[in-house]
């Protein structure tokens, strides 16, 4: 698609905004790097897909907690993705969900005990949220959407990417909350001694508020990106709606919209 | 546990330690099914039913099977399977014997399997060493707290639907800001001792 041919058929995959990283990086589909970048950026479970809200709100009181929660989820996600992928041809279609639940719950139990044994302090502060990783929608979602349909290596990489994306998101949210709420970062004093911590940020309302702001910023970036796309859109202002989400765009190629736009402009004159 | 202590537990669980607004359990459905008051209320009712039943069944199984056989370490697996099976069973039972209730709750039942409040309460009962009866009461109180929170949220969202909201805040973020304000309000109850 070039600006010189305004009536040309729009290939939806090639309509990239400046905000969209895939304009700059090209990775082979289902390769390890592609999966990792996809999990951290394009399909970031927290910021892009808005999944796994319970742990995101509950365990981001400090950066240390966020790292602990993020890495344990990553480990479970990788292992469950790997096993589900290996067993995908053996598990019968109707027994899919219960089998996935058992596989995920087993790894959660293992991580639960490892953490209790080696990181008792972390285990204490994360409490019930470690066993609750079982019902984290990200893990079940990846099993259903990816691991059940792809080979072991891409599935493992997908688990790693999604897990790291989740960890990064938790750390970012936790950093804001900890910095404002207790003036520290991962336990180290960062703010000057004169700083009075706004303790509501480490309490429950702060969690909702900080996450709301992050998602609002993401929305703003998406809207801005969409607007920039519209500026050089060959079809001009959308007449019959958004061509990207229109199922008939292949049929009309955006042309009727262009004609209609021209017509209305001439009519106005 | 005396009656007054029990009452105290119920009140604090519903208000001060509200399951959604201060413990962050069941956030997905709290945000997802709170557009209309009726559906929110339906979800709350269905969850109350399943959560009370699940905390009772999990309590019975934990104290009468897992503890005597020293299988406590299996609790996460056992509890999640119980919750999933229970939801299926309740769905089948209601379909056959209580058609009207099934039609009212039907669509919400499958959502409850992945509601972390159900598994969360079953695990918290073990962590806090509650016996079967207190565990069931705790489950019921938690569910009522969820019901109260989701109905208030749905009511606020219905009011908000007509308002002019800045574009980036539409949808998810404004609901979170509302939840933050609700959470501050519910925090007030913690001061009452």
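What follows is calculated from the coordinates using simple rules that are stated; it is not laboratory data. Treat the numbers as computed from the prediction; the structure is a model and nothing was measured. Ideal geometry is used to build each Cβ from the backbone, glycine not excepted, and the neighbour counts take in all protein chains shown.
Tabulated data
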quantity: Global size of region A:74-196 as Cα Rg and Dmax, reported in angstrom; calculated: 17.7, 62
quantity: Acute angle (nearest 10 degrees) that the helix B:172-190 long axis makes with the longest principal axis of chain B, alpha-carbon atoms; calculated: 60 degrees
quantity: Förster radius 30 Å - calculated FRET efficiency between residue B:73 and residue A:198, Cβ distance, rounded to 0.05; calculated: 0.15
quantity: Whether region A:16-230 is rounded, prolate or oblate, judged on the alpha carbon gyration tensor where a/c under 1.5 counts as rounded; calculated: oblate
quantity: For A:115, A:162, order by how many other beta-carbon atoms lie within 10 Å, fewest first; calculated: A:115, A:162
quantity: Three-way shape label, region A:23-136, alpha-carbon gyration tensor, a/c 1.5; calculated: oblate
quantity: Using a Förster distance of 45 Å, the FRET efficiency for residue B:63-residue B:92 (Cβ separation, nearest 0.05); calculated: 0.95
quantity: Equivalent ellipsoid dimensions for region B:68-137 as semi-axes, Å, which come from the Cα gyration tensor, largest first; calculated: 27, 13, 12
quantity: Helix-only CD estimate at 222 nm, as mean residue ellipticity for chain B, using -39500 (n - 2.57) per DSSP H run (n ≥ 4); calculated: -23500 deg cm²/dmol
quantity: Inter-chain Cβ neighbour average for residues A:43-50, partner chain, 10 Å; calculated: 1
quantity: Distance histogram for region A:139-215 (every C-alpha pair counted, 5 angstrom bins, percent rounded to whole numbers); calculated: 3, 15, 18, 15, 12, 11, 10, 8, 5, 2, 1, 0
quantity: Whole-number D in µm²/s for region B:19-178 (Stokes-Einstein; Kirkwood sum over Cα pairs; 37 °C, 0.692 mPa s); calculated: 198 µm²/s
quantity: Neighbour-count order for A:158, B:129, fewest beta carbons within 10 angstrom listed first; calculated: B:129, A:158
quantity: Distance-filtered residues of region A:76-103 - backbone nitrogen under 15 Å, label point 7 angstrom along residue B:81 Cα→Cβ; calculated: A:95-103
quantity: Alpha-carbon centroids, region B:60-120 and region B:125-193: separation in whole Å; calculated: 23 Å
quantity: Packing-based exposure ordering (other Cβ within 10 Å, fewest first) of A:220, A:94; calculated: A:94, A:220
quantity: √(5λ) per eigenvalue of the Cα gyration tensor, region B:100-193, largest first, Å; calculated: 29, 20, 12
quantity: Residue B:8 versus residue B:190: modelled label distance in nm, points set 7 Å from Cα along the beta carbon direction; calculated: 1.8 nm
quantity: Acute angle (nearest 10 degrees) that the helix B:3-14 long axis makes with the longest principal axis of chain B, alpha-carbon atoms; calculated: 40 degrees
